[in-house]
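Structure record follows, encoded as structure tokens.
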Amino acid sequence: MHKSRNGEKMQDSFQPQSEFRLGQRVHFVGDPRRTGTVAFIGTLEGYSGTWVGVDWDDNNGKHDGSINGVRYFQAKSERSGSFVRVQNLSIGISLLQALDLRYRGDSTKEEEDEMYVLSASDKRVSVQFVGKDLIKDKLSRFEELTSVSLSYMGVSSLGDPGQIGSVLPNLKQLDLTGNLLSDWKDISTLCDQLQALVAIILSNNLLSCEISGPLQLKHIRILVLNNTGITWMQVEILKHSLPAIEELHLMGNNISEVKPESSSMVEGFNLLRLLNLENNCIAEWNEILKLGQLRSLEQIQLNNNKLSHIFYPNLDELHELFGDVELQGDCFPFQNLRCLFLGGNNIDDLASIDVLNSFPNLIDIRLSENPIADPMRGGIPRYVLIARLSKIQIINGSEVTPRERRDSEIRYVRMVMSNLDGNREETFRLHPRFEELKRFYGIEDNRASVGPAGPQKLSSGLISITLKCVGASIGEKPPVTKKLPPATSVGKLKMLCESFFKLKSIKLKLYLQEEDSPMPILLEDDMTSLMDLGVGNESNILVDEES
């Protein structure tokens, strides 16, 4: 059982049984962050008095709704349910009460720390005030407020909705993260009253599955529904009430399918620029293709889903996949997509990388934490990503400078040439940009590059490498720059390092430190040549010791 805490101070904590109902959202008294849903009200065998069975959002309960062999309710997990005395639960307060508590009352240090807005990516952004002495005066005049954060205040109702518009006439941004709101009618009434409101954050409110009738959301441009339990079918209903929506955030809702309302592809959302579907369960790229005809869409965030392969269909494939849809304009999907975030998925094939060149306006891609982009898991390093992606300007949040692109593409060509086995067709299939880059940089089969001194043959050209000691027991030693044949193996370079730095009885590890790459790449195979690894001129090699 979940017992009340002896001696704990309760402020307005007693709630008569009549105030609770099944399905109601509640929080534990004194802890508005501990929220749950009422699943049972009544007596328990062997215990006196009335108990409320709660299914807690954070799964931090005692059981699954049964005790001593008797089931009273079915919790969503084995440890998310508990029974609580009525006086230990709160049904929450109204929005206007929360506003008064947070902005007019004497705030504690802890409450001031809570004055932040959750960004669309669930990161805290502190509310900035101008001068401590001016805060109370300014905030007590609610009509001047343009941004309000009432996160985790236990808000469960609006109070008198007719007062909200007159109290907050200029409010543009409202953060209601982590409250007890559940009814879409309340959200509709709230947005209708706040005529200046353009952005509302409802994350971590367990919203009702029922959305009936048109909602008054016509002014909303940014809607954040992270961790609200919303489904795509509900999104399709909401879109008719969101003619001005530009950003829609749907993180952490266990969405696995995109189900259009009446067609094979999603329609409407004429102004939608950003769609955030991070931390969901989407495994098939076909689901994402259903968004391809949203003409204003510039950014899709798909980090931390379950995607393993992506592709860009031609017209025949589009008709095969979505035969009943009337394709718009020039028909090709994602015409205006500029940013595609795919980090933390299961992508492990080069075809999914190369196909990114087919997106007409894609310039910003995130691929970190995918097997294909992790050299430690057999993936390709950053320079290969750059070389294979001809139009991308930002990779994993880091800008690709003109110099980095040139160096990466030349290095990539040299790496491919070092592995040519005579089967040119297979080479061109595995490396679609190889021939194009080879011609562009004037690299012939018997030379690595054309520099100021003329052509350098692969067999005889030397590359300049700077070696830097980083091992703790090696001690401080100045970097050494040497010119070496590209065919030098990793094992041979280790022996040379022992000589260059006068090292004895130390087993070495070598890492390639790439420009703009956050982590150096371990050079594991002693038999592999520097050329095979794509180590180019003016590369930096870190010399470390085996741990």
Task: For segment 463-545, alpha-carbon Rg and Dmax in angstrom - done: 11.7, 33
Open item on the list: Which order do you get for ARG85, ARG414 if you rank them by accessible area with a 1.4 Å probe, largest at the top?
Closed with: ARG85, ARG414
Task: Of LYS76/LYS172; LYS482/LYS504; LYS259/LYS391, pairs whose Cα-Cα distance is over 26 Å - done: LYS76/LYS172; LYS259/LYS391
- [ ] For segment 423-433, just list the computed ³J(HN,Hα) in residue order, Karplus coefficients 6.51, -1.76 and 1.60, θ = phi - 60°, integers in Hz, with x standing in for Gly and Pro.
- [x] 8, 5, 4, 5, 4, 5, 5, 6, 10, x, 9
Open item on the list: If I ignore ligands, DNA and RNA and count only protein heavy atoms, how much of LYS477 is accessible to a 1.4 Å probe, in Å² to the nearest 10?
Closed with: 70
Task: Distance between modelled label sites at GLU444 and GLN74, nm, 7 Å Cα→Cβ extension - done: 7.6
- [ ] Using a 1.4 Å probe and ignoring any ligands, DNA or RNA, find the accessible area of TYR152 and quote it in Å² to the nearest 10.
- [x] 40
TODO: Distance check, please: which entries in LYS483/LYS507; LYS306/LYS492; LYS483/LYS509; LYS438/LYS509; LYS306/LYS438 exceed 30 angstrom between their Cα atoms?
DONE: LYS306/LYS492; LYS438/LYS509; LYS306/LYS438
Open item on the list: P(r) for segment 24-90, please, calculated from all Cα pair distances in 5 Å bins and given in %.
Closed with: 4, 20, 32, 26, 14, 4, 0
Task: Largest-first ordering by accessible area, 1.4 Å probe, given options MET527, MET415, MET495 - done: MET527, MET495, MET415
- [ ] Give the percent of DSSP beta bridges with both residues in segment 279-410 that are antiparallel, rounded to the nearest 5.
- [x] 20
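The values are calculated or read from the model by the stated rules, or taken from the named source; none is laboratory data. What you are looking at is a predicted structure, and each value in this text was computed from that prediction instead of being measured. Note that we place each Cβ from the backbone using ideal geometry, even for glycine, and neighbour counts take in every protein chain shown. For the accessible areas, the whole protein counts, side chains as well, though only heavy atoms, and no ligand, DNA or RNA atoms are used. Shrake-Rupley method; radii C 1.70, N 1.55, O 1.52, S 1.80 Å.
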